[in-house]
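The values are calculated or read from the model by the stated rules, or taken from the named source; none is laboratory data. Remember, it's a predicted structure, so these values are computed and weren't measured experimentally. Every residue, glycine as well, gets a Cβ built from its backbone with ideal geometry; the counts of neighbours run over all protein chains shown.
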């Protein structure tokens, strides 16, 4: 998944063409960094190595990203964008359980399709990298649609009235745990990991309390 580039035939000026080319190169660098992180680990994330992979000068990459920290932050922001889109693609359902079930599995699908970005976002894949406060705010915004929908269910008395942000984080924490264990290879098979994830989702729905509509059907 990628955010959409402007259509090539809408580029009509030299400045637009240059910006278009720079954006393509930026994305190629980020994708190459993501691939190297998965295949060879964080030590491979050097400007020199990426320049070699993309057959371009180190100066271009330094200009775009200002070194390894900038590359790490670009990976972080790309991960935020992909996660946001995965979450926003899940629409409010008739019951809280149906929505929680759908958004949980969207989170699972995102993580398994984007293991390098997930590791940068949540599992400290790049030692000593700390995202900026602005980047952390971008991560918070990725979950805003969940918080808004949870709040709507509370207003409809389909969920207990409490802080919707706190409830979202409480639901997220165990899901993250199962996903991280799966990505790190702590389940014998992918099918067993998926079963553990589904059991966790079901347990979360049960934990929301009796007397409300929690069926995911």
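Checking the conditions here, which among 142, 113, 182 is surrounded by fewer than 19 Cβ atoms within 10 Å (Cβ to Cβ), on the phi < 0 side of the Ramachandran plot and in contact (Cβ under 8 Å) with a residue 24 or more places away in the chain? Break it down into steps so the answer makes sense when it comes.
On the way: 142 fails: surrounded by fewer than 19 Cβ atoms within 10 Å (Cβ to Cβ); 182 fails: surrounded by fewer than 19 Cβ atoms within 10 Å (Cβ to Cβ).
Of 142, 113, 182, the one residue that is surrounded by fewer than 19 Cβ atoms within 10 Å (Cβ to Cβ), on the phi < 0 side of the Ramachandran plot and in contact (Cβ under 8 Å) with a residue 24 or more places away in the chain is 113.
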Limited to region 187-208, what total is found for residues that are surrounded by 12 or more Cβ atoms within 10 Å (Cβ to Cβ) and not in a helix (DSSP H, G or I)? 2
Of all the residues that make up region 121-164, how many are under 18 Å from residue 68 (Cα atoms) and modelled with pLDDT of 90 or more? 1
Right, residue 42: farther than 23 Å from residue 146 by Cβ, surrounded by 15 or more Cβ atoms within 10 Å (Cβ to Cβ) and modelled with pLDDT under 85 or not? yes
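Give me the residue from region 31-58 that is in contact with a helix residue (DSSP H, G or I) (Cβ under 8 Å, 6 or more places away or on another chain) and free of Cβ contacts under 8 Å to residues at least 12 places away in the same chain and, out of that set, farthest from residue 72 (Cα to Cα). Show your work before the answer.
Taking region 31-58 as the starting set, the residues that turn out to be in contact with a helix residue (DSSP H, G or I) (Cβ under 8 Å, 6 or more places away or on another chain) are 32-38, 44-51, 53-54, 56-58.
Pick out the ones that are also free of Cβ contacts under 8 Å to residues at least 12 places away in the same chain and you get 44, 48, 51, 57-58.
Details: 44: 12, 48: 15, 51: 15, 57: 19, 58: 16 Å.
My answer is 57.
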